[in-house]
1. Only one of (1) at pLDDT below 90; (2) under 20 Å from residue 101 (Cβ atoms) fails for residue 142. Which number is that?
2. Just a yes or no: is a residue in region 113-122 touching a helix residue (DSSP H, G or I) at 6+ places or on another chain (Cβ under 6 Å) and either surrounded by fewer than 19 Cβ atoms within 10 Å (Cβ to Cβ) or within 16 Å of residue 156 (Cα to Cα) (or both)?
3. Restricting to region 139-167, and then to whatever is in a helix (DSSP H, G or I) and over 18 Å from residue 2 (Cβ atoms), can you tell me which residue is farthest from the chain's Cα centre (by Cα)?
4. Can you tell me which condition residue 77 does not meet? The list is (1) crowded, with 16+ Cβ neighbours inside 10 Å; (2) farther than 26 Å from residue 192 by Cβ; (3) in contact (Cβ under 8 Å) with a residue 12 or more places away in the chain; (4) within 17 Å of the chain's Cα centre (by Cα), and all the others hold.
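The values are calculated or read from the model by the stated rules, or taken from the named source; none is laboratory data. All of these numbers come straight from a predicted model, not from anything done at the bench. So basically every Cβ, Gly included, is an ideal-geometry build from the backbone, and we count neighbours across all protein chains shown.
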């Protein structure tokens, strides 16, 4: 949902944006192939017409981590297929928003993990964190692992995925995350009822986009 909202915000700014969900599990049959609802949601929110095989080159049926889904399906995940699809989309669009699967340490195949795919595609990293109790530890561990693996987290997005009033932990989470993890919180997404790709609210994602680009410019300034 965050990836879709960010892609939609880019499109509203007139940016030629592409989207990608390199690997999806929990696919459902459509004709002779499997399709990912997440990939379809992402493509619809961005308003793109790229072939679904480019948006989501690897789709597996079991709703498991990629390596387990591939093992049960007796399939091998072809990373070159992902790379080729990404290269096509990158040549076709000015910006490509890539949605992950699970977390950075989720295995894809053998010793290859999601973090390795991020590094191979040279992607900036935006971490989506939940707002509930425990998020400081989980998010800090993700950022620690990212840095150990040579990745540079650009920022954190706090996502309120549960319905109901925010408790004390949820209200304090954004500032606490910044202090503990040393990475800026670039956006806080409220709980969104009746979620659909055509009804994503503009305000929180437009604000996220502005902060993301300011963060990018500050990183460039420090590096130069």
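1. Only one criterion is unmet by residue 142, namely (1).
2. yes
3. 148
4. (4)
Residues checked against (1) farther than 22 Å from residue 213 by Cα; (2) surrounded by fewer than 19 Cβ atoms within 10 Å (Cβ to Cβ); (3) touching a strand residue (DSSP E or B) at 6+ places or on another chain (Cβ under 8 Å):
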site: 60; (1), (2), (3): yes, no, yes
site: 70; (1), (2), (3): yes, no, yes
site: 97; (1), (2), (3): no, no, yes
site: 110; (1), (2), (3): yes, yes, no
site: 138; (1), (2), (3): yes, yes, yes
site: 147; (1), (2), (3): no, yes, yes
site: 154; (1), (2), (3): no, yes, yes
